[in-house]
Amino acid sequence: MTKLCIKIDLDLCQGHGVCQAEAGEVFELQDTDAPYPQAVVIKENVGNDDREKVLKAEKFCPNAAITVTEE
Ligand code: SF4
């Protein structure tokens with residue numbers, strides 16, 4: 001199984017929370033210096049169970065802040 005590398009561009013993330021709604025096991029909104037919470041990756045090793053959810057989060061993030069690549 002290939003590993004997914006998940007990156008969030010915090011310059012783009014505006015805390016819409018779509019990622020957390022799609023894959024709450026992987027993304028979590030946390031308070032930052034920005035005026036709104038931003039997403040962080042809370043699960044490093046993403047297996048097949050979460051793969052589809054993570055790809056949906058990438059696809060539906062309104063700010064295109066999530067990049068998912070295979071390692
Ligand atoms: S969906 Fe995109 S913009 Fe919204 S919190 Fe997640 S990464 Fe940030």
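The values are calculated or read from the model by the stated rules, or taken from the named source; none is laboratory data. Worth saying up front: this structure is predicted, and the values here are computed from it rather than measured. Using ideal geometry, Cβ is built from the backbone for each residue, glycine included, and neighbour counts are taken over all protein chains shown.
Odds and ends about this structure:
- For C5, the criteria (1) near the ligand (Cβ under 10 Å from one of its atoms); (2) outside any loop (DSSP other than H, G, I, E, B) hold in every case but one, which is (1).
- Matching residues in region 14-71 - criterion: being more than 8 Å from the ligand (Cβ to nearest atom), among the aliphatic types (A, V, I, L, M), touching a residue at least 40 places away in the same chain (Cβ under 8 Å) and not in a loop (DSSP other than H, G, I, E, B): V54, V68
- For V40, the requirement of being crowded, with 17+ Cβ neighbours inside 10 Å, under 12 Å from K7 (Cα atoms) and at pLDDT 95 or above is not met.
- Of residues in region 26-37 being surrounded by 14 or more Cβ atoms within 10 Å (Cβ to Cβ) and more than 10 Å from the chain's Cα centre (by Cα), the one nearest to C61 (Cα to Cα): P37
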